[in-house]
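Structure record follows, encoded as structure tokens.
Bear in mind these aren't lab numbers, they're just calculated from the coordinates by the rules spelled out. Bear in mind the structure is a predicted one, so any value in this text is a computation, not a measurement. Cβ: placed from backbone, ideal geometry, glycine included. Neighbour counts: every protein chain shown.
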Amino acid sequence: MTHDKGATRVWVLHPDIKSDRDRRASGPALDEAVSLAKALPSLDIIGQTIVPLPKPQPGRLFGTGKVDELAQVFKSNDIELVMIDGPLTPVQQRNLEKDWGVKILDRTGLILEIFSDRAATREGVLQVEMAALSYQRTRLVRAWTHLERQRGGLGFVGGPGETQIEADRRAIDEQLVRLRRQLAKVVKTRTLHRAARAKIPYPIVALVGYTNAGKSTLFNRLTGADVMAKDMLFATLDPTMRSVRLENGIDVILSDTVGFISDLPTELVAAFRATLEEVLSADLILHVRDISHPATQEQSDDVLEILNTLGVKGETPLIEVWNKIDQLSPDEIAAMDNTAARHENLCSISAVTGQGLDDLLSAIAQGLGLDKSRDTLFVPYADGKKRAWLYDQGIIETETQGEDGTEFTVSWTPKQQAQYRKL
């Protein structure tokens, strides 16, 4: 592997904390941390290590033996930056930076760096700045307690004697107030844009998914847009919107959102509400999953949990899109197509090869209720199975009882029609 001369030399550590009940499987967690670091083009990953840890040490996270051992590794590899995949207290960060003579980023710090590298809209930029300032504010560590004695007067009023930390904190707080004001203005104009868009009679379809699931590739494939679609975590940070014409001639607006990730620090979930706000006003959600990923189920759970915290409840129809089937064996693909055929809101596709996209587009039309037809059916009283199915599907508009059976008026999708015929 060639290493970029100008890039910062990085080593990635994943602390595998035995006492942490919610800990993620360390192999995939380390891979994800490395992918995170790769998302910043200025970093050159020289090495990576899983560090087993019975329990975190308050002063340095790791025990002294491990700290010394790692110091040797970093020194012999000329490492300039160590990325620790997990939260670090300000004290731990300061002590380790001293011991190792390197700069240290914890998981939150790295995600912030990526966010600031990617944010493109005014709102995205402001959100990142605010999240970064809140994070920095917690990192102001009292390094010199002797400064405490320099306070002038009774200490009620910050004067020339106030400590550097208090001055920094105040500067950060003032900056945060300024940013909040600017953001309020931007959000206002955005709300106006959204109100204007609400007048457009186009339904909005939002793509969501775990980071790297292939949302941007699918977005580009469907819209012909050239949104940055690298095999990279967080490749998209600002909602990108394009219109797509479905095969029935109806236009929809497709919105691509930021990739979700497990253990996203809470201050960042708040900061990125902006990029996910589109999801709240969507008429249909496409949940794109990398079905070839070993942890696809865990990733899916994370996405659904974040949607829940955002306030997206079950009312918005959702289609699961199983992406990257081109990376599976023919047998696995056949099994997936089989599962997809049995479920109303499931499509298996490859955004790279285009396989399954026609089915996806008709599923979008169906999910938005754009291709329902109205039919009249006569069902004899004896045919309990068909009657039960119609009630279960919730598609009955009117029913008239007759002597031998019931006449139903139904509004249904082609898929439901086919399912009914098979009964």
- Message: Could you work out the relative contact order of region 373-422? I mean the mean sequence separation of Cα pairs under 8 Å and 6+ apart, divided by the number of residues, in percent.
- Response: 46 percent
- Query: Which lysines does residue 66 reach when only Cα atoms under 17 Å apart count, and residues fewer than 8 places away in its own chain are ignored?
  - Reply: 18, 55, 75, 98
- Task: Output the peptides 381-390, 354-363 sorted from most to least packed, where packing is the average of other Cβ atoms within 10 Å over each peptide's residues.
- Result: 354-363, 381-390
- Query: Shape call for region 7-78 from the C-alpha gyration tensor, a ≥ b ≥ c root eigenvalues: rounded (a/c under 1.5), prolate (a/b greater than b/c) or oblate?
  - Reply: oblate
- Using the per-residue mean of other Cβ atoms lying within 10 Å as a proxy for protection, in what order, highest first, do the peptides 315-323, 174-182 fall? 315-323, 174-182
- Query: Among all lysine pairs in region 284-416 that are eight or more places apart or on different chains, how many have alpha carbons less than 23 angstrom apart?
  - Reply: 5
- Amide H to amide H under 5 Å from residue 260: which residues, 5+ apart in sequence or cross-chain, H placed 1.01 Å off N in plane? 209, 210, 211
- Item | Length-normalised contact order for region 8-114 - Cα pairs under 8 Å, 6+ apart - percent | 34 percent
- Looking only at aspartates and glutamates whose Cα falls under 12 Å of residue 188's and that sit 8 or more positions away or on another chain, we get 123
- Note on the structure: Whole-Å distance linking the alpha carbon centroid of region 322-339 with that of region 51-96 is 42 Å
